[in-house]
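The values are calculated or read from the model by the stated rules, or taken from the named source; none is laboratory data. As the structure is a computational prediction, the values presented were derived from the model and not from experiment. Don't worry about glycine lacking a Cβ; one is built from the backbone with ideal geometry, like all the others, and counts go over all protein chains shown.
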Amino acid sequence: MTFPDQELRADVLARLLLIQSMAGQLPRTEALADFVCRGLAQVPGIAHAWHAAETELPVAAPAGVERVPVRLGAHHYGEVVLRIADPDRYRPYAPYVANLVVMLAVMLQERGQRTLQEAYQEELERRVAERTRELSEEVRERRTAEAQALAEKRRAEAYLDIAEALILELDADGRIVVLNQRGCDLLGVTPDAARGQDWFELAIAPEERDAVRAVFERAIAAAENPYEYYDSAIVDRSGARRVLAWHNIVHRVDGRVVGSLSSGIDITARQQAEADKRALEAQLRDAQKLESLGRLAGGVAHDFNNMLAVILGHAELAIRETDPDAPLYRDLEEILEAANRSSDLTRQLLAFARRQIVSPRVLDLNEAVGGMLKMLRRLIGEDIDLAWMPGARLWPVEMDPSQVDQILANLCVNARDAIADVGKITIETHRQVFDEDYCAAHANFRTGEYVKLSVSDDGCGMDKATLAQIFEPFFTTKAYGKGTGLGLAMVHGVVHQNNGFVNVYSEPGAGTTFSVYLPRYTGTAERSALDGAVEPTPTGLETILVVEDEPAILVVATKMLRLQGYTVLTARNAAEAIRVSNENAGGIDLLLTDVVMPEMNGRDLAKHVAPLHASMKVLFMSGYTANVIAHQGVLDPGTHFIQKPFSVQSLAAKVREVLDGVDDA
Amino acid sequence: MGTDDTAIDLGFTSMRVPAGTHVCQLYAEDDERNEVLLRFLTGGLRGGEATACFSDGVSEAELATALTRSGLSLEAEVAAGRLSLASPAAVYFEGGRFDPERMLARLTSFHDDAVAAGRPAARVIGEMSPEIGSFPGGSRLLEYESRVNRLLCTHPVTAVCQYDARRFDGATLMDVLSVHPMMIVGGGVVYNPFYMTPEELPRRDLP
């Protein structure tokens, strides 16, 4: 080192060095310049030293003041301003002072950089901390959101699983994204197995697949759904077709169509129930229609029978007075035959309309069937051949002939409807005996002797499912409006009412045979009649009160009875009958009364006058009755009835039968 | 009391100094301060000196730990009267004011008590609070420190004054240097080129 001045003192240099050394240890940047300046003030020749910011500096330093810039490169840290009291003493130290000021600049810059670095480091740490906190928050929020989403997902899945509806999400290609438990149960798949499968292949019947897929593809392509609500069918795990009411929406994510969302409610049962209800309503309408027809037929038959009774009665009375060789006799015979045929027609009409009073009697089934053939032929039409094969030596049965009509009419109508266009219906009768061995091998058969009445056709036949139901009320295989579903039910009921049973044999395409088994009648009461022997017309001397609101019938009935020797009192209505009854207390043996009369019906009249005539019998007559004397068409026990019109013979026989019968009132 | 001018082991340096040396430490880190404080105290107690500490820099527990490492017991040293502990506030600002005369009297008593107790020497370390300027009498700090130099000539108590360079302004620190004959630089004790004898020192108020 070269000393510029001999006055250079070592202790001063030591101070300058110490300042430099100590300054480096001072942590506070703002204290650094003060420390240095305070030290410089002790340098010989310097009266005072201070640090000034650059902006505070005067443009030109005054005399005795030296400005030492605190500068390093482009960085300025103001100036150290020295007030020089003794320039000569100061001069030797000037370079050291200048050096110290440079060192000050170095330290300030280093402090500044350190401060900057510290600030930067602090900022960096702050940012890291903040970001860490944000990340922690984000992670926490994400985990919370994930937990919530998971909970929501599980809840949604639970809803999906308990939903009664089938919930379905498809991607744009029709593959299953989500199918809920209900859907999986219906289709017999697990959710995992269903996922990714083509919905249309999995669930839609082949014959409908293309059409349903086309609807889906149109909705996806158009990004709108013209089929938001519609019904379509799927095939369930058992292969059964199930109809679902669908609600469909196009599924969008960020505005882009990604598939569809659908919910479907199984309406198969509801549809079936609605169909059943409609069918039942139709059947009810048919039944009501039949009921109306029956009432109409009954009403017509009543008046018609009354008129027939007059015609028949007068013609019969007239023919009795006429010489068989006279031309008039032949005319009267024609009138009688026509009237009888008309009477048959009326009876059959009532039978068909189920308005006939059931009055079981012993009869020959061959005769009963033979008497119906004409009507049956009209019923089945000309295209179908009707074969009648009566069995030989047929046993008698006991039942109302009208019920035979009903059975035959219904079985023939069924047979006719089973034949598409042309065919053959065969009616047969046989004697049939079933022993226990036979019945053990054949269900529904009962032991005993029976008369078999069978009706066979060569029509379409029936499968087993249909056979199992044919006797159920309202079951029908016929087209709407063609059948009531009551016919075979009625046959079944009638046959059972008469202690018989029905057997059916049928095969699809091979025709059907209905066999009605009626128990053999083993009594003898009317065997003679069945044998066709002509009975003499019964006569009597008893007193009979005839009550009839139709004057013509009253006249003819009176004539018929008087012809047989009876004393006949007449009344045109109930009031008149009561008066006559009162006038002849105890003197009337038989009350022959119409059933349906204005003001008081025949039954009530009989009850009214009975107390005055202890032994009086009652015989009702009618062309048609409501339930006045019968319940469900069957006569009350002890009730006697004669159907109008009647002949002299039948009336006389019935009157005699009632008068001679034990008191069964 | 010893008469050897270089008998005193300061504890934190191998350099021995005469009894009654007045040393200044401008520190910038707590560890730097604590290192000097603990070593100074331990060195004094190891030498059987009367030792006093007016600092909050270390806790009693830290002090006890440091003493234990040197085979000393804090409790025992305090109980034996060899170690006096007091907070700077209680010592420097007793009664709410800074009183140089009281401080000089206390220093005198401390020395005399040590002599009376037969201690080989006496030492004290204290930390001055930067709040001194706000206390009545605070402006007399340099005067006090300068008078301490004079007192120590007759009552040789080895004293170390610690100043926190982070809390004092630069001018004050330079002023402090001017009243301490020796100073700690880089862990060593050096003669202070800025030191001014009490006679040289111009009267100057603290900023």
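Taken as a whole, the structure leaves A:ASP161 outside the set of residues that are outside any helix (DSSP H, G or I) and either closer than 30 Å to A:THR268 by Cβ or within 33 Å of the chain's Cα centre (by Cα) (or both). A:GLU274 meets all of the listed conditions (1) at pLDDT 85 or above; (2) part of a strand (DSSP E or B) but one, namely (2). Residues in the range B:56-80 that are touching a strand residue (DSSP E or B) at 6+ places or on another chain (Cβ under 8 Å) and over 24 Å from B:ALA7 (Cβ atoms) were compared, and the one that is surrounded by the most Cβ atoms within 10 Å (Cβ to Cβ) is B:LEU63.
Taking the range A:626-638 as the range and being at pLDDT 70 or above and either surrounded by 19 or more Cβ atoms within 10 Å (Cβ to Cβ) or in contact with a helix residue (DSSP H, G or I) (Cβ under 7 Å, 6 or more places away or on another chain) (or both) as the test, no residue passes.
Summed over the range A:31-55, the residues that are more than 8 Å from chain B (Cβ to nearest Cβ) and either acidic (Asp, Glu) or closer than 14 Å to B:LEU26 by Cα (or both) give a count of 1.
Okay, residues lined up against (1) of a type outside the set (Gly, Ala, Ser); (2) at pLDDT 90 or above; (3) in contact with a Leu (Cβ under 6 Å, 6 or more places away or on another chain):
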{"position": "A:ALA301", "(1), (2), (3)": "no, no, yes"}
{"position": "A:ASN340", "(1), (2), (3)": "yes, no, no"}
{"position": "A:VAL358", "(1), (2), (3)": "yes, no, no"}
{"position": "A:GLY371", "(1), (2), (3)": "no, no, no"}
{"position": "A:PRO390", "(1), (2), (3)": "yes, yes, no"}
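Selection over the range A:173-190 of residues that are in a helix (DSSP H, G or I) and either more than 24 Å from A:VAL257 (Cα to Cα) or more than 28 Å from the chain's Cα centre (by Cα) (or both) gives a count of 6. Restricting attention to the range B:154-170, report how many residues are within 14 Å of chain A (Cβ to nearest Cβ) and under 17 Å from B:TYR92 (Cβ atoms). Residues that pass the stated criteria total 5.
Looking only at the range A:210-266, residues that are part of a helix (DSSP H, G or I) and among the small types (Gly, Ala, Ser) come to 5 in all.
Restricting to the range A:28-53, give me the number of residues that are at pLDDT 80 or above and closer than 20 Å to A:VAL106 by Cα. Number of matching residues: 14. Every condition in (1) more than 24 Å from B:ILE8 (Cα to Cα); (2) crowded, with 19+ Cβ neighbours inside 10 Å holds for B:SER146 except the one numbered (1). Evaluating B:MET182 against the criteria (1) within 14 Å of chain A (Cβ to nearest Cβ); (2) farther than 26 Å from A:ALA14 by Cα; (3) among the aliphatic types (A, V, I, L, M) leaves one unmet condition, (2). If only residues of the range B:88-106 that are touching a Ser or Thr at 6+ places or on another chain (Cβ under 8 Å) and of a type outside the set (Phe, Trp, Tyr) are counted, the one that is surrounded by the most Cβ atoms within 10 Å (Cβ to Cβ) is B:PRO88.
Just checking, which of B:LEU151, B:LEU141, B:LEU173 is within 11 Å of chain A (Cβ to nearest Cβ) and part of a helix (DSSP H, G or I)?
B:LEU173
Per the conditions (1) more than 23 Å from B:VAL36 (Cα to Cα); (2) in a helix (DSSP H, G or I); (3) among the small types (Gly, Ala, Ser), the sole criterion not satisfied by B:GLY118 is (2).
Here is a yes/no grid of residues against (1) aromatic (Phe, Trp, Tyr); (2) assigned to a helix (DSSP H, G or I); (3) closer than 26 Å to A:THR522 by Cα:
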| position | (1), (2), (3) |
| --- | --- |
| A:LEU376 | no, yes, no |
| A:LEU379 | no, yes, no |
| A:ASP385 | no, no, no |
| A:LEU394 | no, no, yes |
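With respect to B:VAL23, is the statement that it is assigned to a helix (DSSP H, G or I), touching a strand residue (DSSP E or B) at 6+ places or on another chain (Cβ under 7 Å) and under 26 Å from B:SER146 (Cα atoms) true? No, not satisfied. Within the range A:4-27, one or more residues are crowded, with 17+ Cβ neighbours inside 10 Å, β-branched (Val, Ile, Thr) and either over 23 Å from A:VAL106 (Cα atoms) or modelled with pLDDT under 85 (or both). Condition first: modelled with pLDDT of 80 or more and either surrounded by 14 or more Cβ atoms within 10 Å (Cβ to Cβ) or not assigned by TED's automatic domain parsing to the domain that holds A:VAL502 (or both). Can you find one or more residues in the range A:433-441 that meet it? Yes, the range A:433-441 contains at least one residue that is modelled with pLDDT of 80 or more and either surrounded by 14 or more Cβ atoms within 10 Å (Cβ to Cβ) or not assigned by TED's automatic domain parsing to the domain that holds A:VAL502 (or both).
Flag: B:PHE194 does not match the condition of being surrounded by 15 or more Cβ atoms within 10 Å (Cβ to Cβ), closer than 21 Å to A:ALA33 by Cα, in contact with a Pro (Cβ under 9 Å, 6 or more places away or on another chain) and within 14 Å of chain A (Cβ to nearest Cβ).
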